[in-house]
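What follows is a set of notes on a single structure, which appears directly below.
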Amino acid sequence: MADRGRHHALATPEDVDQWCRSLLDQRNIRTVYNHYWVRLERFYDWLVSRSDHPHVYHPFLMAAAEYETAGRIWNAKVEQR
């Protein structure tokens with residue numbers, strides 16, 4: 001995120017999808033979901049629920065709905081459950 005000029009807590013859906021694409025270039029989809037996506041999705045879940053850190057959107061959910069790569073990782077999540 002530093003390379004993109006943004007704080008990590010202020011990722012856009014496009015940032016998330018780009019990050020997903022770079023991870024999938026080197027790892028399989030289950031690894032990306034289980035070891036990366038889950039942790040950052042929880043972080044944004046936490047941000048959205050905190051009144052001291054108001055966040056009005058969840059870039060991981062938005063990226064999954066809008067972009068193919070992030071959507072593939074979301075589908076891996078759904079299939080796992």
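Please treat every number below as a calculation from the coordinates, not as lab data. All figures in this text were calculated on a predicted structure; none of them were measured in a lab. Cβ coordinates were reconstructed from backbone atoms using ideal geometry, including for glycine residues, and neighbour counts include every protein chain displayed.
Please report the relative contact order for the chain, taking Cα pairs under 8 Å with a sequence separation of at least 6, and give it as a percent rounded to a whole number.
Details: 63 pairs, mean separation 28.2, N = 81.
Relative contact order of the chain: 35 percent.
When each of the peptides 69-78, 1-10 is scored by the mean number of other C-beta atoms lying within 10 Å of its residues, the order from highest to lowest reads 69-78, 1-10.
Just so you know, the Rg over Rh for the chain is 0.96, from Cα atoms, with Rh as the Kirkwood radius. Between the helical axis of 13-24 and the dominant principal axis of the chain, each derived from Cα atoms, what acute angle in degrees is found, rounded to the nearest 10? With both axes taken from Cα atoms, the answer is about 30 degrees.
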